[in-house]
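Notes follow the structure.
Values quoted throughout were computed directly from the atomic coordinates according to the rules given, and no laboratory measurement underlies them. From a predicted model like this one, the values you see are computed outputs, not experimental measurements. No Cβ is skipped: glycine too gets one built from the backbone with ideal geometry, and neighbour counts run over all protein chains shown.
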Amino acid sequence: MRIPTYLQRRWMRWLEGLWTRGEALLNRVLTPAFNPFYHLGTLALFLLMVLAVSGVYLTVFYRPGATRAYETTLGISQTTLGLWMRTIHRYAADGLLLVVVLHALKMFLSERFAAARWVAWLTGWLLTLLIWVIGVMGYWLPWDQTAQWITEFLVQVLGPSMALTFLGPDVASKSFAFFVIVLFLHIFLSVLILLGFLLHILRLSRPRWLAPRWLMVQAGLALTLLAVMAPAYLEPKADFSRILDRATVDWFYLAFLPLSERWGAGFWWGVIAVLVVLIALPWLLPDRHAGPARIVEHLCTGCGLGALKCPYQAIELVPRGEESAFKFMAAIRPNLCVGCGLCLGTCAVISIDLDARPTQDFLQEVRQAVAQAKQHGDPVFLVVTCQRHLALGSLPVPSPTMPAAISQRVVLKGGEVSFVLVALPCVGMLNPEWIRPFLQEGGVQGVGVLSCPTQDCGFREGPFWLAQNLKYRRNLLAQNFFWLEAAPGERQSFLRLLRALRGEPHAALRASQQITQVLETREGRRFPRAVWRLAATFLAVMLLFGVSWTAIQPVERTVPPSGLRVLMAHTGQIKSVEGELSEAMQTKLPPGVTASQVLGGERYPVHLRLEVDGQVVLERTYEPSGLRREGLAYAFENLALKPGIHQIRLSLMDDGRTWRVVFNDRVDVTPGSVLTLIFDDEQGRFILVPAFGSSP
């Protein structure tokens, strides 16, 4: 009987081992109970609450619109409380995205994304994308230089219609509706996050909503301290009459601005490819485990404990179809079962089996391994662990594809120790009734359990339910039984467990809150343990959120010294009429209205020719919009122009035959400025807008 695929993907286990070594390092200082990396999911929910509270405060004082957004945001920033709220809002947003990505990375490395967990994986990435979109909108609302860069990017993507909204002379009136829509979406999409989170935990039993109180307090203190140390001051106001050659960018949310300028469309194709692969991972790397569980119907009493303790709602109670002393029996939902075996550890009558690991065959392998170990004549110990510890190198085993039980010997200070290693998908699968015979009459001198930390079980609740199953076995705990919680990959933990089983006096023990016995060898601290750990955790959280501060950096842009923009929304002359009006209808037309104006039809494309100092720098044709090519022809051109005085001449043809001059004048271009020529339909010519898009 071999361990399933999780142990065989060695490249992923190598990456996961790097991650767990970092967690083990934190555990040495903080202990698993105070490790913030075991609470990334609930920490993200706490940061959402911080964003909601600070966001409500900012919304009360914020007013949308190009003429009011910056002034109201500046007014908020000029008060101590307002600046503090803005800064916390910004760092909490960065921290949220960072924590969510770290949480997703942890789930990926430990392969918690396939089978029954594909819904959580998919909704998690959709939530991440939604958080990113909301964050980008948040950077647009203050209407500062960062918002100016975002707007310039949107203009490049959405084209002339977007440019006419933000870059024309009446930007205040035209853009107000857009400001309102962005503000509404910034708030409304935040509400959708709650719905997305409910879908994220849809298949989880007993989901954890709140982070531990110590972590929430320390995260709040860390954000407050960062807000005091590095306030988020407002950037200068957006001014589209000036070249934006330098802006402050939050690399968590706005990295696309400099990267898309450098790499163009290739950057976005790369992003799309990565997202497609991430979303498809549950099917690209399917989870093949020892399950699904199966019910031995004639043994099942319908007690409901298996359904209660299943972490993924894979067991339900159904009415029995035949006559029986019991009204219900357990039924398995195979598509939700992850093969953890927690239901086996609970069942007193052993009426549940894993499909690929029948209980009787498994116990027979353990008996054979114990008999083999006893041949050495030394005391034999039984060590039970999970597949994560086995795969990540916590134990000295020859191969990650070992059988369910194997006899091993290891050298310690006092000599060799014989032990039988039992590998389970999760320690929660360990049924206390399995090990009682080995301790009482099977020749085993002691039993040790090496598990993941309670807060970091690969199947969410294994150590917790093992503790509950042991709670009423006081006679079992009174024997040579030890339990050590440790980060997978920490080999010293296994050696400490063996020393404790052998009875070495320096292996000090303490009882945990869940009737577990955890090794504790660190002594001689100068401060009380709780104070020390809380202080160390605070530093860890500060380091985590400190990354948010370093992500906000100024970026220099490669831009021309000055420029000229040409904007146009114009309809060409009617090219063909789709029908003819009757004589009776023609007599009813108002004065000055022709049949072609009523019936419509295809229009001529609009041709533009731009000459600078007598040299043609642009000549282009713009096709009419609409299905029948009867709409406006849009143009948006952004040209580099050297500082100085230039003769600008624009010619236009909209009837397919005649060019006419629509602008001809000398303009003075100052360094760093941008001039704009916008077509005025009423005057039939281009007009110069020097204060391009700036608020009065």
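Relative to the Cα centre, the charge distribution of the stretch 262-326, modelled as +1 at Lys and Arg Cβ and -1 at Asp and Glu Cβ, gives a dipole magnitude of about 440 debye. Charging the Cβ of each Asp and Glu at -1 and of each Lys and Arg at +1, and nothing else, the dipole of the stretch 1-159 about its Cα centre rounds to 680 debye.
With a Cα-only, solvent-free Debye model of the stretch 310-351, what are the log10 I(q)/I(0) values at q = 0.14, 0.28, 0.35 Å⁻¹? The Debye formula, applied to the Cα set alone, gives -0.36, -1.06, -1.22. Between Leu129 and Glu619, the contour length at 0.36 nm per residue exceeds the alpha carbon distance by 172.4 nm. Projecting each Cα onto the charge dipole of the chain (Lys/Arg +1, Asp/Glu -1 at the beta carbon, about the Cα centre), which of Leu392, Gln218, Asn335 comes out farthest on the positive side? So the residue furthest toward the plus end is Leu392.
Of Lys174/Lys642; Lys106/Lys471; Lys237/Lys642, which sit over 28 Å apart, Cα to Cα? Where the Cα-Cα span goes over 28 Å, the pairs concerned are Lys174/Lys642; Lys106/Lys471.
Less than 13 Å apart at the alpha-carbon level, and either on another chain or at least 8 residues along: which aspartates and glutamates does that give for Lys309? Cα-Cα hits under 13 Å: Glu461. How charged is the neighbourhood of Arg609? Take every other residue with its Cβ under 13 Å from the Cβ of Arg609, and add Lys/Arg as +1 and Asp/Glu as -1. Charge balance in the 13 Å sphere: -1.
Along the charge dipole of the stretch 119-240, which of Ala163, Leu122, Leu202 sits closest to the positive end, that is, farthest toward it, with unit charges on the beta carbon of Lys, Arg, Asp and Glu (+1, +1, -1, -1)? Value: Leu202.
Our compactness index for the stretch 615-696, the C-alpha radius of gyration over the empirical 2.2 N^0.38 Å, is 1.24.
With R₀ fixed at 41 Å, the C-beta to C-beta distance from Val157 to Leu18 puts the FRET efficiency at about 0.60.
Given axes a ≥ b ≥ c from the Cα gyration tensor, I'd like to know whether the chain is rounded (a/c under 1.5), prolate (a/b larger than b/c) or oblate. Cα axes put the chain in the prolate bin. Placing +1 on each Lys and Arg Cβ and -1 on each Asp and Glu Cβ, with no other charges, gives the chain a dipole about its Cα centre of roughly 2700 debye. In the stretch 4-83, a dipole from Cβ-located charges (positive for Lys and Arg, negative for Asp and Glu) runs towards its positive end, and of Trp14, Gly55, Gln78 it is Trp14 whose Cα lies farthest in that direction.
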